[in-house]
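**Q** Provided herewith is a single structure, encoded as structure tokens, for subsequent inquiry.
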Amino acid sequence: MNEIKDLLDRYFNGTCSEAEKQNVETWLETYNKEDNEWLAMNKAQQELWLNSLFTKIELDIDRPGHLKELPKRSPVHMGILLKIAATIILLLSIGFLFFKYQKAEPATASPENQEIIAGGNRAILTLANGQTIDLSHSKNGEIATQSGLTITKKMNGELIYEIAGQKETSENAGQAITYNTISTPRGGKYQINLPDGTQIWLNAASSVRFPASFRNLPNRRVELSGEAYFEVTKNANKPFIVVTKKQETQVLGTHFNINSYEDEGQTKTTLLEGSIRVSDKANRNIILKPGQQSTLKEGNIDIRNVDENDAIAWKKGLFSFNDENLESIMRKISRWYDVDIHYQDTFSKTSFLGTISLSKNITSVLKILEKSGEVHFKIEGRRITVMK
């Protein structure tokens, strides 16, 4: 089961090998239904179709020539691949977008534009001494040492800070604080493990600035621009503080997501586990409980209960739209595919509900959105024109 989960995670996060990706997508193409067929089914029919799908996949174990383009695998690995394919198909099937309208028009795109692919693990590490390291192209293994720490890049792209030696505390006492910055471009995301064990997942077009070491500091203070998901290691003696342009979030140990993109015009903080205190620049404080989201906008802080899975869908490799307006969706698309969005018409009342895999190329995503019958797209290079 762990092998299945690992490959699913790598596939949706865009970190699996090209061979693994091709194998999984070959099975999807072989068995997956068109979304309009799926939407036409009632729940009972959908369940029957999924059951028949699993039966077909099991039968194909005994038909090695059926998908002869796949590389030869042992029966054990082929069985695992089949289970993975079935699981992914189920996940994608229940994740189809649902619309009020079913009229579809194709996205207008020349062949070269269809190659705008999804983002992946891309980031720049800027060390305290000003040295920059392109994490997208750096080799796996140790990539730098500083302030008694080693910085290591793992095979899956994860960046890990580890204490290099026990004598660091006495040697570094009294030294000036030095900072590192991880920045993702549009079309990039990255995972960082800080030396205290805290894990940070950084979304596209975002950055996090943090001390090279938390030792000898009264708290663990980091600065965020854009969006990130945090799993903070508990330390009652050293609070963890996330600072954005208009807000501070203080925790002792918990899981939460902060969306503070400048072009969103608001800061959304969603709590999944534990408790956090959110403060604005006027020192107004609120305490969030799991399943709650605070929104800081124009000097006001509102709290509401939400499905926290919507807030962290990006971390799981999904676009998630919960009655979301088109302009907000297109901002997400712009960041993930590194494209510029231009509007030919206005869409103030157009909203969508559903999920789409982040691994799809942009043409596929736009075609799904066009099934609403209320929006169409024209692709010219990396410029997307939105029109009725």
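The values are calculated or read from the model by the stated rules, or taken from the named source; none is laboratory data. All of these numbers come straight from a predicted model, not from anything done at the bench. With ideal geometry, Cβ positions are generated from the backbone for all residues, glycine too; neighbour counts draw on all protein chains shown. Protein only, heavy atoms only, side chains kept; ligands, DNA and RNA dropped before computing areas. Shrake-Rupley method; radii C 1.70, N 1.55, O 1.52, S 1.80 Å.
**Q** Using θ = phi - 60° and the Karplus relation 6.51 cos²θ - 1.76 cosθ + 1.60, list the HN-Hα couplings for segment 338-344 in order, rounded to whole Hz, with x at every Gly or Pro.
**A** Rounded to whole hertz, the list is 6, 10, 9, 10, 10, 10, 8.
**Q** Please work out the FRET efficiency for the pair H137 and T178, using the Cβ-Cβ distance as r and a Förster radius of 30 Å; give the result to the nearest 0.05.
**A** Using R0 = 30 Å, I get an efficiency of 0.75.
**Q** To the nearest 10 square angstrom, how much accessible area does Y229 have with a 1.4 angstrom probe?
**A** Number for this one is 10 Å².
**Q** Using a probe radius of 1.4 Å on heavy atoms only, what accessible surface per residue do you get for segment 223-283? Whole Å² is fine.
**A** Averaged over the residues of segment 223-283, the accessible area is 41 Å².
**Q** How high is the relative contact order of segment 282-324, given as a whole-number percent (alpha carbon pairs under 8 Å, six or more residues apart)?
**A** After rounding, I find 24 percent.
**Q** So, one more: Could you give the length gained by full extension between D263 and R304, i.e. 0.36 nm per residue of separation minus their alpha carbon distance, to one decimal place? Intermediate values should be presented prior to the final figure.
**A** Details: separation 41, 0.36 × 41 = 14.76 nm, distance 2.19 nm.
Gain on stretching D263 to R304: 12.6 nm.
**Q** So, one more: Classify segment 311-353 as rounded, prolate or oblate, taking a ≥ b ≥ c as the square roots of the eigenvalues of its Cα gyration tensor: rounded when a/c is under 1.5, otherwise prolate if a/b is larger than b/c and oblate if not.
**A** Oblate, because a/c is 1.5 or more while a/b does not exceed b/c.
**Q** Roughly how many Å is it from the Cα centre of segment 283-339 to that of segment 209-248, as a whole number?
**A** For segment 283-339 versus segment 209-248, the Cα centre distance is 20 Å.
**Q** Over segment 191-238, what relative contact order in percent results from Cα pairs under 8 Å that are six or more residues apart?
**A** Values: 65 pairs, mean separation 19.8, N = 48.
Rounded, it is 41 percent for segment 191-238.
**Q** How do L202, L318 stack up against each other in accessible area, from largest to smallest, with a 1.4 angstrom probe?
**A** L318, L202
**Q** Please list, ordered by chain and number, the residues whose modelled amide H lies under 5 Å from the amide H of A123; skip anything fewer than 5 residues away on the same chain.
**A** Hits under the 5 Å cutoff: L135, S136.
**Q** Now for a separate question. Assign unit charges at the C-beta atoms only (+1 for Lys and Arg, -1 for Asp and Glu), then state the dipole size of segment 191-280 relative to its Cα centre in Debye, rounded to the nearest 20. Numbers along the way, then the final one.
**A** Details: 10 positive and 10 negative charges, 86 e Å.
Approximately 420 debye in magnitude.
**Q** Next up: Please compute, for the alpha-carbon atoms of segment 252-388, the extent along each of the three principal axes and give them in descending order in Å.
**A** 47, 29, 24
**Q** Ok, one more. Which shape class applies to segment 329-388: rounded if a/c is under 1.5, otherwise prolate when a/b exceeds b/c and oblate if not, where a ≥ b ≥ c are the square roots of the Cα gyration tensor eigenvalues?
**A** oblate
**Q** Then there's this: If Lys and Arg each add +1 and Asp and Glu each add -1, what is the summed charge of the other residues whose beta carbon sits under 14 Å from the beta carbon of K297?
**A** 0
**Q** Another question, then. Taking all protein chains in place and a 1.4 Å probe, what share, in percent, of the accessible surface of segment 258-365 do carbon and sulfur account for?
**A** 42
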